[in-house]
């Protein structure tokens with residue numbers, strides 16, 4: 001029996017896939033639990049319309065995310081942290097008390113009107129200077145933001 005899946009089903013397929021399954025599986029499990037519907041001509045027509053609508057929305061979202069990526073690329077986020085005393089510096093790096101972590105960067109981006117991003121920071125930034133940090137906007141769109149850690153004036 002041909003069915004349209006209404007949700008992801010492990011071992012069968014993903015939502016909105018048209019699959020051929022055994023009649024008993026469809027009648028006794030998928031259809032009663034509203035996990036699938038019979039692939040009638042009307043249902044297939046509705047599926048095509050729904051997929052085109054989803055594709056349009058996805059394109060609009062991608063355009064919005066590309067615009068955000070452009071804003072992020074031109075942005076430099078500045079953070080002030082206290083400098084470690086000279087005796088505690090290591091390897092000529094200018095280390096700071098505390099650090100700048102992914103959450104700090106995400107909050108700063110949100111203040112600049114760029115919500116719902118994921119910062120891919122391997123480890124917190126603990127040195128003074130500028131660092132390029134990868135940002136994932138979703139839908140496969142990624143960019144980098146410049147993060148500047150400066151010495152806090154006492």
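Here the gap between residue 67 and residue 136, fully extended at 0.36 nm per residue and compared with their Cα-Cα distance, gives a gain of 23.5 nm.
When shorter helices are ignored and each DSSP H run of at least 4 residues is given -39500 (n - 2.57), the per-residue value for the chain at 222 nm works out to -9500 deg cm²/dmol. Every pair of different Cα atoms in region 67-151 enters the Kirkwood calculation, which places the hydrodynamic radius at 13.4 Å. The Kirkwood hydrodynamic radius of region 1-142, based on inverse pair distances between different Cα atoms, is 19.6 Å. Over the chain, Cα pairs under 8 Å with separation of 6+ residues give a relative contact order of 20 percent.
Using a Förster distance of 30 Å, how high is the FRET efficiency between residue 116 and residue 42, based on the Cβ-Cβ distance and rounded to 0.05? So the FRET efficiency works out to roughly 0.25. The gain in end-to-end length when the residue 148 to residue 1 segment is fully stretched comes to 46.9 nm, 0.36 nm per residue minus the alpha carbon separation.
May I ask for the Rg/Rh ratio of region 2-63, computed from Cα atoms with Rh as the Kirkwood radius, given to two decimals?
Ratio value, two decimals: 1.05.
Identify the residues of region 1-43 with backbone N under 16 Å of a label point that sits 7 angstrom from the Cα of residue 49 along the Cα-to-Cβ direction, or state none. Hits in region 1-43 for residue 49 at 16 Å: 40-43. Computed from Cα atoms, the angle from the helix 102-111 axis to the main principal axis of the chain rounds to 80 degrees. Of all the options 65, 109, 44, the one that moves most in a Gaussian network model of the chain with Cα springs shorter than 10 angstrom is 44.
Readers should treat all values here as calculations from the given coordinates under stated rules, not as data from a laboratory. For clarity, every value in this text was computed on a predicted model and none was experimentally measured. Virtual Cβ from ideal backbone geometry, glycine too; neighbours counted across all protein chains shown.
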